[in-house]
Amino acid sequence: MQQLSTRHLLGIKGLTETDLQLIFETADNFKEVLNRPIKKVPSLRDITIANVFFENSTRTKLSFELAEKRLSADVVNFASGSSSVKKGETLIDTVNNILAMKVDMVVMRHSSPGAPHFLSRHIRANIINAGDGTHEHPTQALLDAFSIREKLGEVAGKKVAIIGDILHSRVALSNIFCLQKLGAEVMVCGPVTLMPRHIGELGVKVEQDVFKALQWCDVANVLRIQLERQQIKYFPSLREYSLYFGINKKLLNQLDKEIVIMHPGPINRGVELNSDVADSDNAIILQQVENGVAIRMAVLYLLAGVK
């Protein structure tokens with residue numbers, strides 16, 4: 001079996017282009033498995049995986065858990081809201097207690113950027129970052145790039161616009177790293193107040209006019225406005241944001257080409273995307289969800305072979 005160049009998936013930055021292609025090829029095989037009548041393989045039958053989520057999550061947690069069960073792994077779920085973290089237990093103590101139960105891999109989401117990196121230096125299990133604060137969300141970027149590859153044939157040479165709340169998004173940073181490694185051009189678009197100050201230094205184009213961004217791109221990856229991460233008001237109202245940056249069918253009809261619409265979910269319908277776009281033939285949002293399971297199966301399978 002070919003192996004990844006790293007024993008953890010902490011972020012896209014730590015992966016090579018060869019790693020990315022290996023993950024995609026493995027995901028292709030697992031997607032074929034997911035379309036069989038019996039959707040389960042014994043690949044990780046002797047592996048125990050702990051899903052350690054210190055932040056609320058629905059899609060990512062369900063996707064990882066389903067991927068693990070499709071691979072026949074033993075799964076342990078941990079939620080910080082009902083744990084000893086509430087009693088003051090440290091992150092390392094929490095995870096070491098889980099590892100004492102002979103867990104092989106840890107899938108972790110945490111509100112602090114760098115938490116999975118910190119953990120990887122102190123414990124022996126393989127770590128998969130399921131989102132760390134506003135830093136990275138590597139498996140989301142992998143499934144997004146995989147979905148573009150599936151829809152358009154390849155990622156290299158494609159123009160991808162990431163539109164919305166760039167400042168608070170871990171999806172944006174991982175996508176930028178992943179798409180650039182695969183040879184795509186990347187543009188970010190959103191209000192000035194939701195744009196990181198030095199974002200241009202990452203080699204991306206920066207645009208404030210959503211129509212110009214849509215006219216430029218082949219793929220628009222539209223991000224959710226993350227109100228739960230905003231400590232101050234970054235724009236006057238959701239109605240005004242929707243007026244200037246929301247995407248509707250009327251706007252798409254003004255373009256001189258067809259583009260692909262993506263969204264990591266959950267969608268704020270009527271804010272960043274109208275239903276006439278989210279449910280249209282342009283959108284591959286449900287395909288992203290389906291591909292998420294295959295990508296996470298691939299990552300789990302490949303990391304299980306790296307000790």
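The values are calculated or read from the model by the stated rules, or taken from the named source; none is laboratory data. Since the model is a prediction, treat every value here as computed from it, not as a measurement. Note that we place each Cβ from the backbone using ideal geometry, even for glycine, and neighbour counts take in every protein chain shown. Accessible surface areas use protein heavy atoms only, side chains included; no ligands, DNA or RNA. Shrake-Rupley method; radii C 1.70, N 1.55, O 1.52, S 1.80 Å.
Quick rundown of the values:
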{"item": "The chain: angle of helix 285-304 to the longest principal axis, Cα-based, in degrees nearest 10", "result": "30"}
{"item": "Residue-count net charge about residue 33 - beta-carbon cut-off 15 Å; Lys, Arg +1, Asp, Glu -1", "result": "+3"}
{"item": "Helix axis angle, 138-152 relative to the chain longest principal axis, alpha carbon, degrees", "result": "50"}
{"item": "Cα centre as origin, Lys/Arg/Asp/Glu Cβ charges: the range 138-288 dipole, Debye", "result": "280"}
{"item": "Table column - 3J(HN,Hα) (Hz), the range 43-54, Karplus curve with 6.51, -1.76, 1.60, x for Gly and Pro", "result": "4, 10, 4, 9, 9, 10, 10, 9, 8, 10, 10, 8"}
{"item": "Cα-centre dipole for the chain with unit charges at Cβ (Lys and Arg positive, Asp and Glu negative), debye to 20", "result": "600"}
{"item": "Nonlocal amide H pairs with residue 73, under 5 Å, H built at 1.01 Å", "result": "44"}
{"item": "Cβ crowding within 10 Å averaged over residues, with 118-127, 49-58 ranked highest first", "result": "49-58, 118-127"}
{"item": "Projected label distance in nm at residue 17 and residue 240, using a 7 Å step from Cα toward the beta-carbon", "result": "4.4"}
{"item": "Taking the range 138-288 and dividing mean pair separation by its residue count, relative contact order in percent (alpha carbons under 8 Å, at least six apart)", "result": "24"}
{"item": "Acute angle (nearest 10 degrees) that the helix 17-34 long axis makes with the longest principal axis of the chain, alpha-carbon atoms", "result": "80"}
{"item": "Lysine pair count for the range 138-288 [Cα-Cα under 19 Å; pairs on different chains or 8 or more apart]", "result": "16"}
{"item": "Candidates 116, 42, 138: whichever shows maximal mean-square fluctuation once the chain is modelled as a Gaussian network with Cα springs under 10 Å", "result": "42"}
{"item": "Sum of -39500 (n - 2.57) over DSSP H runs of 4+, divided by residues of the chain (222 nm, nearest 500)", "result": "-11500 deg cm²/dmol"}
{"item": "For residue 184, distant residues with modelled amide H under 5 Å away", "result": "157"}
{"item": "Within the range 128-223, GluC sites (Glu not before Pro) in DSSP loop having at most 12 other beta-carbon neighbours inside 10 Å", "result": "154"}
{"item": "Backbone HN-Hα couplings from phi across the range 161-174 [Karplus 6.51/-1.76/1.60, Hz, Gly and Pro as x]", "result": "9, 9, 10, x, 7, 5, 4, 9, 9, 7, 5, 4, 5, 4"}
{"item": "5 angstrom amide H check on residue 112, placed H, neighbours 5+ away", "result": "133"}
{"item": "For the chain, accessible area per residue (1.4 Å probe, heavy atoms of protein chains only), Å²", "result": "45"}
{"item": "Surrounding net charge for residue 75, when Lys and Arg each add one and Asp and Glu each subtract one, Cβ distance under 14 Å", "result": "+2"}
{"item": "Mean separation of Cα contacts under 8 Å (6+ apart) over length of the chain, as relative contact order %", "result": "21"}
{"item": "From the coordinates shown, percent of Cα pairs over 37 Å apart corresponds to which of (1) 40; (2) 15; (3) 20", "result": "(2)"}
{"item": "Estimated vicinal HN-Hα couplings, Hz - the range 264-273 in sequence order (Karplus 6.51, -1.76, 1.60; Gly, Pro = x)", "result": "x, x, x, 7, 8, 4, x, 10, 7, 9"}
